[in-house]
């Protein structure tokens, strides 16, 4: 009977489809992993330097994390301090020198840092945290082309040759921080930059990546002196 002839054909096609689906699973997982967001280091996307500033004169720097979150402030200042010290500079943080809750003003600077021969003050402040969503389209692949004049039986059997790939959504988190460097003699701005950190795994990862990017850039551009 026709049914007896047709059933094995469908069964074979289904078995073939199942085998191909199993084979394509590793490839699908690979595609999913590639679609997942990856962590990128901090980059400086906007930078300005005062052309009138005489470079290589900074030897002692005060680092300030402009944040109401005490942990973030302390972690940022400590990490920046360590990065500057690796470059041979003397660095001081406000968290180790000022009482908790005291803001850095002209008066507090004179009170706590006047006798420390500080050449510059570096201030970092969070600008924004943005999350962007991107999606990939749903698509199919077809091993065997289906002609318009194909019979119902041929079309029905060829349907099992199609492979389905679902669309995927990925979220990208972007952290932007502004950092300013002032000289202390006249309190003039000598350097400014906006940084971008993409998909950090934690706040500490932002702090470590940001601190290294800032200090490396200042050193490479000759802004920093040597102790």
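Brief remarks follow.
- Check on residue 104, within 27 Å of residue 202 (Cβ to Cβ) and modelled with pLDDT of 90 or more: no
So that you can scan it fast, the table gives a plain yes or no per residue for (1) surrounded by 14 or more Cβ atoms within 10 Å (Cβ to Cβ); (2) outside any loop (DSSP other than H, G, I, E, B); (3) at pLDDT 95 or above:
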{"residue": "148", "(1), (2), (3)": "no, no, no"}
{"residue": "157", "(1), (2), (3)": "yes, yes, no"}
{"residue": "164", "(1), (2), (3)": "no, yes, no"}
{"residue": "167", "(1), (2), (3)": "no, no, no"}
{"residue": "179", "(1), (2), (3)": "yes, yes, yes"}
{"residue": "219", "(1), (2), (3)": "yes, yes, no"}
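- In this structure, residue 196 qualifies as in a strand (DSSP E or B), modelled with pLDDT of 90 or more and within 22 Å of residue 82 (Cα to Cα).
- Criterion violated by residue 84 - all others in (1) out of contact with any strand residue (DSSP E or B) (no Cβ under 7 Å at 6 or more places or on another chain); (2) within 14 Å of residue 122 (Cα to Cα); (3) at pLDDT 90 or above satisfied: (1)
- The residue of the range 57-81 that is nearest to the chain's Cα centre (by Cα), among those that are outside any loop (DSSP other than H, G, I, E, B) and surrounded by fewer than 16 Cβ atoms within 10 Å (Cβ to Cβ), is 71.
- Criterion violated by residue 187 - all others in (1) within 25 Å of residue 55 (Cα to Cα); (2) not in a loop (DSSP other than H, G, I, E, B) satisfied: (2)
- Taking the range 35-56 as the range and being closer than 28 Å to residue 186 by Cβ, modelled with pLDDT of 90 or more and not in a loop (DSSP other than H, G, I, E, B) as the test, the residues that pass are 44, 47, 48, 49.
The values are calculated or read from the model by the stated rules, or taken from the named source; none is laboratory data. Source: prediction; values computed, not measured. Glycine also receives a Cβ, built like all others from the backbone with ideal geometry; neighbour counts cover every protein chain displayed.
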